[in-house]
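Here's the structure we're looking at; comments come further down.
Every read-out reported here was derived from the displayed coordinates using simple, explicitly stated rules and does not represent laboratory data. Here the structure is a predicted model, which is why all the values come from computation and not from measurement. Here the Cβ positions follow ideal geometry from the backbone for every residue, glycine too, while neighbour counts run over all protein chains shown.
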Amino acid sequence: MVRREIRGLRRRETGSDLRGVLDHLDPRFRQALHAAAGAYRRLGVRYALIGGVAAGAYGRPRATKDIDFLVGDEAFDSVGSVISFKAGVPQEACEVPIDNIPPHVRYRDVYERALDGAVESDEPGVLIATPEMVGFTKLVGGRMRDVAAVAEMLESGTVDPDVLERLLMDYPELHERFGRAVIEWRGQR
């Protein structure tokens, strides 16, 4: 079982280092992040920073081309079977693409908990998903770099592997990806 393999992992107590990540990116990313967060607040849209920027805040910063936000259903309007973004939901800010990611149908219950449990980051005014929720969404993504980001978050000690493993319990398709992240993390030690 994965849990035994990573026993003794120390959790970093400082939380996110979003400020540090933003300090390494083009200054437009910080401006875009705040513009998007402000738009979500004005529109009453639940949101949480996820994706590469969030994973970097909990692990190791990486280059990225966009900012990913998990957004609630209130970010969308629908007319019959046509669904579109509500007016004012940012698609871009300061020439930085903004990806608005709705709750995934298969993982809806976990994504809703991620939205409801978003926490204030160390960059004032910006909500970020908890490390375990960021890890979960990266495992859903499943690309090599997503699995590597989870390994880096394990290395930094920000992800509680037991909590992440409990989130994965109902989703066997994600267990193998988590196992790969653990193997990669162990290889870095």
key: Helix-only mean residue ellipticity at 222 nm for the chain, each DSSP H run of n ≥ 4 adding -39500 (n - 2.57), per residue, nearest 500   = -15000 deg cm²/dmol
key: Alpha-carbon gyration tensor eigenvalues x 5, square-rooted, for segment 15-188, Å   = 26, 20, 13
inquiry  = Which of D160, D109 has the fewest other C-beta atoms within 10 Å, and how do the rest follow up to the most?
reply    = D109, D160
query = Using the count of nearby Cβ atoms within 10 Å as a rough guide to exposure, how do K138, K86, K65 rank from fewest to most?
reply = K65, K86, K138
inquiry  = Taking amide H atoms as placed 1.01 Å from N in the peptide plane, list the residues 5 or more away in sequence, or in a different chain, whose amide H sits under 5 Å from that of E123.
reply    = L18, R19
ask   = Where the only charges are on Cβ atoms (+1 Lys, Arg; -1 Asp, Glu), what is the dipole of the chain about its Cα centre, to the nearest 20 debye?
value = 460 debye
message = If I model a spin label at D73 and H24 as a point 7 Å from the Cα along the Cα→Cβ vector, what separation in nanometres do I get?
response = 3.8 nm
ask   = How much length, in nm to one decimal, is gained on full extension between C94 and V82, taken as 0.36 nm per residue of separation minus their Cα-Cα distance?
value = 1.5 nm
query = If you take the charge dipole of segment 102-189 about its Cα centre, with +1 on Lys and Arg Cβ and -1 on Asp and Glu Cβ, which of F136, A148, P102 is farthest toward its positive end?
reply = A148
